[in-house]
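Below: the structure, in structure tokens.
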Amino acid sequence: QVQLVESGGGLVQPGGSLRLSCVASGRIFSIYDMNWYRQAPGKQRELVASITSIHRVNYTDSVKGRFTISRDNAKRTVYLQMNSLKPEDTAVYYCSAEWGQIWGQGTLVTVSA
């Protein structure tokens with residue numbers, strides 16, 4: 001069973017950047033589609049970005065051009081580079097494998113002046 005551990009969240013000013021990391025245990029990380037979701041206070045969890053096992057990427061419209069998802073299979077890690085952050089990006093960000101089958105514990109991102 002794969003376990004996921006996120007890191008990299010924190011407080012950042014509007015317009016700033018953060019990079020989230022998600023490290024997976026297990027030996028077969030490379031075959032998993034990996035996703036980043038987020039959940040803002042009082043809102044439903046939403047899919048932010050995904051990267052398949054063959055490195056095909058997709059983003060929700062609100063983050064296109066600002067966020068970049070990538071993966072390093074040798075390090076069993078998926079990243080979410082977040083630039084030009086806005087207050088509405090404030091949320092708990094969750095790493096997931098296989099479209100919600102496996103979840104990390106989440107990391108809080110707060111965008112505020």
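Across the chain, the longest piece that holds none of the trypsin sites (Lys or Arg not before Pro) lying in DSSP loops with up to 15 other C-beta atoms within 10 Å covers 67-113. Over the stretch 1-43, the reciprocal of the mean inverse Cα-Cα separation, the Kirkwood hydrodynamic radius, stands at 12.8 Å. Across the stretch 1-87, the relative contact order, built from alpha-carbon pairs under 8 Å that are at least six residues apart, equals 32 percent. Average accessible surface for the chain: 53 Å² per residue, computed with a 1.4 Å probe over protein heavy atoms with every protein chain in place.
Net charge near VAL57, counting Lys/Arg +1 and Asp/Glu -1 over other residues with Cβ under 11 Å of its Cβ?
Overall, the nearby charge balance is +2.
If the only charges are +1 at each Lys and Arg Cβ and -1 at each Asp and Glu Cβ, what is the size of the charge dipole of the chain around the Cα centre, to the nearest 20 debye?
With only Lys, Arg, Asp and Glu charged at Cβ, the dipole is about 160 debye.
Size check on the chain: the Cα extents along the three principal axes, sorted descending, read 41, 24, 22 Å.
Of the Cα atoms belonging to the stretch 62-113, the radius of gyration and Dmax stand at 12.3, 37 Å.
The values are calculated or read from the model by the stated rules, or taken from the named source; none is laboratory data. The structure displayed is predicted, hence computed values, not measured ones. Glycine also receives a Cβ, built like all others from the backbone with ideal geometry; neighbour counts cover every protein chain displayed. Please note that ligands, DNA and RNA were not included when accessible areas were found on the heavy atoms of the full protein model with its side chains. Shrake-Rupley method; radii C 1.70, N 1.55, O 1.52, S 1.80 Å.
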